[in-house]
Amino acid sequence: MSDYKQYIRNFSIIAHIDHGKSTLADRMIEMTGLVSHRDMREQYLDNMELERERGITIKLQTTRMVFKSKDGNEYIFNLIDTPGHVDFTYEVSRSLAACEGAVLVVDATQGVEAQTLANVYLAMDEDLEIMPVLNKIDLPSARPDEVREEIEEVIGVEASDAPLVSAKEGTGVDDLLEMIVKKIPAPSGDEKSPLKALIFDSYYDNYKGVVIYTRIFDGTVKEGDMIRLMNTDKKYEVTEVGVYAPGPVESKCLKAGEVGYICASIKRVADARVGDTITLDENPADEPLPGYKKVQSMVYCGIYPAEGEKYENVKDALEKLQVNDAAFHFEPETSTALGYGFRCGFLGLLHMEIIVERLEREFDLSVITTSPSVIYKVVKNDGTVEMVQNPSNLPDPMEIDHIEEPMVKADIMVPKEYVGSIMEICQERRGRMIHMEYITENRVNLHYDMPLNEVIYDFFDALKSKTRGYGSLDYEFSRYEPSKVVKLDILLNKDMVDAFSMIVHESKAYARGRFVCEKLKEIIPKHQFEVPIQASVGQKIIARETVRAYRKDVIAKCYGGDISRKKKLLEKQKEGKKRMRQFGTVEVPQEAFTAVLKYDDNK
Amino acid sequence: MTITSRENNIGLYVHIPFCLRKCRYCDFLSFECHDETALHQYTDALLREINTRYEEWPYRVVDTIYIGGGTPSILPAEDMSRIMKCILSNFTVAEGSEITIEANPATLDDRKLETYLESGINRISIGTQSFDNSILNLLGRVHDKNDALSAIRMAKKAGFKNVNVDMMFGIPGQTLKMWRDSLRQCVFLRPEHISLYSLQIEEGTQFHRLVENGTMEPTSERVDRIMYHDAIDMIENAGYHHYEISNGALPGFESRHNLKYWSYKEYLGLGPGASSFIGGHRFKNTSSVLEYLKFIKAGLPPVKPEDVEQYTQRDEMGIFVFTGLRKTSGFDIRDFEATFSREFFDVYDPMIITKLRGLIEMDGFVMKLTDKGIDVSNKVMAEFV
């Protein structure tokens, strides 16, 4: 019997957001006949509504396709998806570890972007065969020759034979499929050896429990096997194995080289961590696969039920989200201003935005989020260390010896005409340039050492705005570093509102204080009395604005007996009042909490 | 009962949605029209609506009629006369009814005024807005100060014993002095009724665009309120009765038609975009003139199903209160209770009085806005809807 493995190809598609990864995947699925064109929903793989809307992938999808090559053989293609954002670097690396090759999609009109590069490096770390493809070749602004050169120069992979495709129109996809057969190596591994299978994703299914996406490196697994997760050392009995094609299809077993799913009555996704190795309890492997890492939250914020929303409902929703998202966690906390709520940890800002948006959209909840914060390492006079992620928990300044803040290594890739403005915004955000390289004549990669605190605030918005969307960013945690940070408080009508408190660098306190006061002045409606808005550091007031008392709120003309119009207006006013949050005597609209975080171009 | 009680009489509102030119602040339903044939056709449609509407409410007695716009005086005199004839020959219009027409100074002449009086119209509301040419020009009005002055004189000379003058304040660029001068001029002419409108910058108007792009600075709320209170003082000192937030009248000349809106009385609206409250229902004619003409041609009531309000009794209670509060005399909560057969303070938390202290006051059974409450009346009214 010839080796089944020579007819398997396991690969990922790596691309920058918008470069057409999902569209290309759709086209491949369609062309290999998995889903008829009629049933094709745009971007089959992005199956969360939110994902499709934002054009990014959050939860992974994996799909098995059968491709009949011109060489007369049928090949099994396992397309392993990767999430598309800097917050999910570790997940990307595990998905890539499950492959032998990566199809690198580069937009022929845009060229290589920082994020593409970051993912290419991850793929190289996993020793994958990298196969470039130029997409969007149908657009008049496509410049394939230049981009080919750019790929060879920047990434150092041969691109002269890179297929030219238009995922949108389907042209060139055939060539690409043939090329996958030729260039991407078949998996190796021994189905007789002890089981070694990599978990590269998982999700929770109401009927089956946790469904693990896995790549089998060695051995075989089937229903009834007792498996052991080597890093967490937990045991489960396998209830089902199968493949995604793209819906789940049960199979007898999964063997070395194959990609599929395993169900084993696991209750929480957190118990089947991405990167962990599955082995058989009876005949375990000697050591787990390399690369396991426990994911760490980098960004924290408070999530509170908005006025009229029930605490229990928010809690239920957060629990449901957590079941499916090992990187997200939360615990109860209270705020004097906002009452009972939750402190939540995220991989990054995008991850946070996604969770908040899902709460609002999928669970129809209205929530207030407080300023995101990183985790500060507070070293006290007595030498003890406290990790603080909520500004309100910062110990008394008298007890603090010093505070350390997390630093990241940021790679920013921009067309050269934007270098100046990028340097400016990095400078403003306390970035230190490590070095700068011209990767092509026109494109520059800037390497910065930056406080994470500055990155999570509005850096990405600023970058996009200053480079008209052409700049891209990738970052990873590097270390903790002592820093002069202070707690900035906001007072409304002389009362501190803890939900607005934030930890900022000393040098930024004035500017931020002023900015927040100005924003709040715009947003807080007039009251019957003057409302002073103040920013303070310790006892010192560093910025002040005043919302003047209102004098007029009257519609003079009521036209032709159109009472309904007037009624609607009054109802709107009343509705607006409901969305207000009462702090002492001051009413604050809920959007105030997000508005103070927004990047302001005119600043 | 065979006699229809006066309490039960209805008002008729007739809308003429045409103007010589759209004013730059205007978001009312009106269109530029210089085509007499179109105006005739419109009049024909309106006559048909009057006929069919009458058939729906044959037993209701009309005791106020208000012909508004747009610019009703844009219609040729004979068209207005046809409209009045049609109303009078269909509806039962009570003796001594108040019958008003709105007029733009630039469109009036002696013949039109005579025709109005002959056809039974006995009150005229002149859209003066200001006596300052720079302000009139800024507003995009088609008339100037002299047109306004002569229109008012002509109306009086022709025999109108009840004249209203519309005045507007809070206009960008209008100084306090300009406003006082204009209003002084108005009071000097001694019309029976004065309307004082604070300019609202509404979406979709030229003014709104100018404010949005920063070319126009809206009047500050502070100045707007000084202008308002100044004006109220001025007209009260001249003997006018400030009976409604934006209206003053010499005693006995309070607008009976407008008071219907504020006293939970019924009215029937005719013409596109006109609102009705009758037989316990609230509905509005389609705002599209073309659609209106089509409905009428087909012999159908010009009301789309989505323009019939589905209000609950609680909704109506809110309307009763907020309309009642527009009158400076407020409303009697016993009237509220008689209308809805519910105790006022069962429906509304008595604490509301405390909450709105300084903005509303109770005078026996009467609830009304204080002077301060008038300035923020929306806030007060919003508490009751």
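Using every alpha carbon pair in the range A:203-264, what percent of pairs falls into each 5 Å bin from 0 up to the bin containing the largest distance?
4, 18, 30, 30, 14, 4, 0
How many partner chain Cβ atoms sit within 10 Å of a residue's Cβ in peptide A:546-552, on average, as a whole number? Intermediate values should be presented prior to the final figure.
Numbers: counts 0, 0, 3, 2, 6, 11, 15.
Counting other chains' Cβ atoms within 10 Å and averaging over A:546-552 gives 5.
Using only the Cα atoms of the range A:121-187, build the gyration tensor, take square roots of its eigenvalues as a ≥ b ≥ c, and label the shape rounded, prolate or oblate: rounded if a/c is under 1.5, else prolate if a/b is larger than b/c, else oblate.
The shape class here is oblate.
Taking the radius of gyration and the Kirkwood hydrodynamic radius from Cα positions alone, what is the Rg/Rh ratio for the range A:279-372, to two decimal places?
Rg/Rh: 1.14.
Work out, step by step, the length gained on full extension between A:Arg544 and A:Lys577: first 0.36 nm times the residue separation, then minus their alpha carbon distance; give nm to one decimal.
Working: separation 33, 0.36 × 33 = 11.88 nm, distance 2.48 nm.
Fully extending the segment from A:Arg544 to A:Lys577 adds 9.4 nm.
Given Cα pairs under 8 Å that are at least 6 residues apart, what percent is the relative contact order of chain A? All intermediate terms of the calculation are to be shown ahead of the outcome.
Working: 1306 pairs, mean separation 57.0, N = 603.
That works out to 9 percent.
Out of the total accessible area of the range A:300-342 (probe 1.4 Å, heavy atoms of protein only), what percent is carbon and sulfur?
46 percent
Using protein chains only and a probe of 1.4 angstrom, how many square angstrom of A:Ser478 are accessible, to the nearest 10?
Number for this one is 50 Å².
Looking at chain B, what % of the alpha carbon pairs are farther apart than 36 Å?
Percentage above 36 Å: 24.
Compare A:Glu399, A:Glu424 by solvent-accessible area with a 1.4 Å probe and give them largest first, with all protein chains kept in place.
Descending order: A:Glu424, A:Glu399.
With label points built 7 Å along Cα→Cβ from the Cα atoms of B:Ser287 and B:Lys355, find their separation and express it in nm.
If labels sit at B:Ser287 and B:Lys355, their model points lie 3.0 nm apart.
Using only protein heavy atoms and a 1.4 angstrom probe, determine the accessible area buried between A and B, summed over both sides, in Å² to the nearest 100.
3400 Å²
List the residues, sorted by chain then number, that are 5 or more residues from B:Phe169 or on another chain and whose placed amide H is less than 5 Å from its amide H.
Amide H neighbours of B:Phe169: B:Tyr197, B:Ser198, B:Leu199.
For A:Glu386 and A:Lys409, what is the calculated FRET efficiency with R₀ set at 30 Å and r taken between the beta-carbons, to the nearest 0.05?
0.75
List, by residue number, every residue in the range B:227-260 with a reduction of 10 Å² or greater in accessible area between the chain on its own and the complete protein assembly, 1.4 Å probe.
Those are B:Ile245, B:Ser246, which lose 10 Å² or more relative to the chain on its own.
Take A:Asp175 and A:Ser193, extend 7 Å from each Cα along the Cα→Cβ direction, and tell me the distance between the two endpoints in nm.
The two pseudo-label positions are separated by 3.8 nm.
Out of the range A:212-289, which trypsin sites (Lys or Arg not before Pro) are coil in DSSP terms and have no more than 16 other C-beta atoms within 10 Å?
Qualifying residues, ordered by number: A:Lys252, A:Lys267, A:Arg268.
Taking beta carbons within 10 Å but only from partner chains, what does the mean come to for residues A:570-577?
Working: counts 12, 4, 2, 6, 8, 2, 1, 3.
Counting other chains' Cβ atoms within 10 Å and averaging over A:570-577 gives 5.
So for chain B, averaging the separation of alpha carbon pairs under 8 Å that are six or more residues apart and normalising by length, what relative contact order in percent results?
It comes to 15 percent, rounded to a whole number.
Please say if the range A:355-479 is rounded, prolate or oblate, where rounded means a/c under 1.5 for a ≥ b ≥ c the square roots of the C-alpha gyration tensor eigenvalues, and otherwise the choice is prolate for a/b larger than b/c and oblate otherwise?
Oblate shape, in that a/c is at least 1.5 and b/c is the bigger or equal ratio.
Please calculate how many Å² of accessible area the range A:396-476 carries per residue, with a 1.4 Å probe and no DNA, RNA or ligand atoms counted.
43 Å²
As a test of the formula, what do you get for chain A when each DSSP H run with n ≥ 4 contributes -39,500 (n - 2.57) and the sum is divided by the residue count, at 222 nm and rounded to the nearest 500 deg cm²/dmol? Intermediate results must be reported in sequence, preceding the final value.
Values: 13 runs with 139 residues, N = 603.
Value at 222 nm, helices only, nearest 500: -7000 deg cm²/dmol.
How high is the relative contact order of the range A:170-217, in percent, with contacts defined as C-alpha pairs under 8 Å that are six or more residues apart?
Relative contact order for the range A:170-217 comes out at 31 percent.
Using only Cα positions of the range A:450-502, each an equal point scatterer, no hydration layer, compute I(q)/I(0) via Debye at q = 0.14, 0.15, 0.28 Å⁻¹ and quote the log10 values to two decimals.
-0.60, -0.66, -1.06
Going by the alpha-carbon gyration tensor, a ≥ b ≥ c the square roots of its eigenvalues, is the range A:65-161 rounded (a/c under 1.5) or, if a/c is not under 1.5, prolate (a/b greater than b/c) versus oblate? Each step should come with its number before you reach the end.
Values: a/c = 1.76, a/b = 1.10, b/c = 1.60.
Here the range A:65-161 falls in the oblate category.
At a 4.7 angstrom Cβ threshold, list every cysteine in chain B that has nobody to pair with, or say none.
B:Cys19, B:Cys33, B:Cys86, B:Cys186 - these cysteines have no disulfide-compatible partner (Cβ-Cβ under 4.7 Å) in chain B.
Place a +1 charge on the Cβ of each Lys and Arg in the protein assembly as shown and a -1 charge on the Cβ of each Asp and Glu, then give the dipole magnitude about the Cα centre in debye, rounded to the nearest 20.
Computed about the Cα centre, the dipole is about 3680 debye.
How big is the accessible area of B:Glu221 in square angstrom, nearest 10, if you roll a 1.4 angstrom probe over the protein chains?
60 Å²
In the neighborhood of B:Phe91, defined by Cβ-to-Cβ distances under 9 Å, what is the net charge if each Lys or Arg adds +1 and each Asp or Glu adds -1?
+2
The values are calculated or read from the model by the stated rules, or taken from the named source; none is laboratory data. Computed from a predicted model, the values in this text were never measured in an experiment. As a convention, Cβ positions derive from the backbone with ideal geometry for all residues, glycine included, and neighbour counts pool all protein chains shown. Keep in mind that these areas ignore ligands, DNA and RNA; they rest on the heavy atoms of the full protein, side chains included. Shrake-Rupley method; radii C 1.70, N 1.55, O 1.52, S 1.80 Å.
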